[in-house]
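Please treat every number below as a calculation from the coordinates, not as lab data. Computed from a prediction, not measured in an experiment: that's the story for all the values here. When we count neighbours, we look across all protein chains shown, and the Cβ atoms used for this are built from the backbone with ideal geometry, even at glycine.
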Amino acid sequence: MAIPAPTLNRTHIRPGDRICAAVSGGADSVALLLLLHAANALPRNALGVGLSAVHVHHGLRGAEADADLAFVESLCLRLAVPLHVHHASVPERVARSRAAGRPETIEEAARALRYDCFAALIAQGHADSVLTAHTLDDQAETVLMKLLRGAWTEGLGGIHPVVLVSSPTRPGKILRPLLSARRAELEDYLRACNQPWRTDSSNADPAFTRNRVRHHLLPILREYNPAIDQALANLAELAREDDARWQSELDRILPQIVLPGRPVRGGGRAVATNPGDASVAVEIDRLRALDPALRRRVLRAAARQLGARLSFDDTARLLALASLHPNSDPATAALPTRAGSSLHLPAGLRAERSPRELRLYRADPPKAT
């Protein structure tokens with residue numbers, strides 16, 4: 001019996017686009033390239049795009065990674081798909097991040113280097129969109145990892161189907177057209193096509209969090225809910241929709257509530273010209289008039305304007321400083337709330353309360369990222 005081809009989401013692919021498939025050599029990315037190639041060659045309803053591929057060699061796994069590159073080069077040659085090859089060094093990036101006091105894991109560094117490469121392809125005009133082969137399984141793993149780390153709703157949104165890439169020369173997109181497909185479905189498709197793929201040995205290494213989630217935690221959760229992967233993917237979609245709704249509300253009210261600088265005698269506000277001395281203030285009475293969910297989002301948005309990210313506990317401490325958090329909470333009951341009180345928050349963020357405002361500022365200029 002013929003196996004139907006997995007569904008390829010074409011929503012954001014337009015005829016005439018230059019699209020570039022990110023191909024590691026693994027089953028998911030090989031299936032993506034084959035599906036795009038087949039769809040572009042259809043006699044009717046063809047994609048009508050300029051198709052290319054990109055492979056990033058991360059400077060890890062030695063001969064195995066070299067063999068991955070050779071495999072992808074051979075595949076693209078057979079399909080007559082132009083291939084961009086980018087050599088990077090994850091170990092060097094990890095070492096630089098540690099020396100700068102902002103250590104990255106190997107996973108974080110590898111991802112950052114890949115997406116730097118994708119952005120460069122777009123900026124240089126080689127592609128309008130770069131497509132990655134993230135699946136529903138990847139989405140479930142990502143949401144679960146974010147949940148374990150205590151993410152807010154924007155984090156629970158997981159892997160977004162479309163990510164805009166800003167560039168000083170030309171904008172573009174990162175697209176994930178296989179987010180509704182299962183990993184096993186893609187492997188079945190490749191077997192039906194007699195198409196081999198490469199297996200990355202690091203995908204079995206329990207040192208990486210994602211591998212432990214994939215091979216240990218999710219199998220346990222499937223014993224409680226066999227459809228847990230789909231449930232987590234559904235949660236991601238709901239979280240993205242909720243976050244988009246809240247963001248539109250924040251865009252409307254933030255200019256009215258979050259003010260730059262500090263008030264000066266006689267009216268007006270003093271705004272620093274040096275970015276390292278920037279500060280913002282939130283009017284306490286206006287904050288009090290908001291519902292609890294919006295209060296939290298306003299404070300987190302105010303901190304983001306200074307390049308800081310607030311945790312759940314950080315936000316609770318700020319609400320307590322503004323006398324807007326229940327005193328029954330033992331974590332915040334002892335915090336000062338009178339005018340003149342202040343808080344030290346992570347990453348050099350400081351908060352102080354005046355009779356009318358809650359002011360946020362950086363104790364030191366934020367480090368470049």
At a Förster distance of 30 Å, what's the computed FRET efficiency of Asp242 paired with Ala339, Cβ-Cβ distance as r, to 0.05? 0.30
Listed values [x] 20.4; [y] 24.5; [z] 22.8, entry calculated as mean projected area of the Cα convex hull in nm²: [z]
Radius of gyration, Dmax [region 155-271; alpha carbons; angstrom]: 22.5, 78
How much length is gained if the chain between Asp188 and Ala289 is pulled fully straight, taking 0.36 nm per residue apart and subtracting their Cα-Cα distance, in nm to one decimal? 30.8 nm
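What share of the DSSP beta bridges in the chain is antiparallel, in percent to the nearest 5?
Working: 22 of 38 bridges.
Percentage antiparallel, nearest 5: 60.
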So if R0 is 22 Å, what FRET efficiency would Ile253 and Thr153 give, r being the distance between their Cβ atoms, rounded to the nearest 0.05? 0.80
C-alpha center-to-center spacing [region 109-143, region 14-41] in angstrom: 13 Å
For region 200-251, report the % of Cα-Cα distances exceeding 13 Å. 69 percent
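Which of Phe312, Phe71, Phe208, Phe118 has the fewest other C-beta atoms within 10 Å, and how do the rest follow up to the most?
Working: Phe312 12, Phe71 18, Phe208 15, Phe118 26.
The most exposed by this proxy come first: Phe312, Phe208, Phe71, Phe118.
When the dipole is taken about the Cα centre of region 18-243, and only Lys, Arg (+1) and Asp, Glu (-1) are charged at their Cβ, what size is it in debye, to the nearest 20?
Details: 24 positive and 26 negative charges, 74 e Å.
With only Lys, Arg, Asp and Glu charged at Cβ, the dipole is about 360 debye.
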Simple spin-label model, 7 Å along Cα-to-Cβ: Arg210 to Leu42 in nm? 2.9 nm
How far is helix 27-40 tilted off the main Cα axis of the chain, in degrees rounded to 10, range 0 to 90? 70 degrees
If you line up the long axis of helix 136-148 against the longest principal axis of the chain, both from Cα atoms, how many degrees apart are they, to the nearest 10? 30 degrees
For the chain, with the dipole built from +1 on Lys and Arg beta-carbon atoms and -1 on Asp and Glu ones, taken about the Cα centre, which of Pro4, Ala21, Thr153 lies farthest toward the positive end? Thr153
Expressed in nanometres to one decimal, the distance between label points 7 Å along Cα→Cβ at Ala63 and Asn203 is 2.2 nm
How far apart, in nm, are the 7 Å Cα→Cβ label points at Ala95 and Ile3? 4.3 nm
³J(HN,Hα) computed for each position of region 210-219 - Karplus, 6.51 cos²θ - 1.76 cosθ + 1.60, integer Hz, glycine/proline x: 4, 5, 5, 5, 5, 9, 10, 6, 4, x
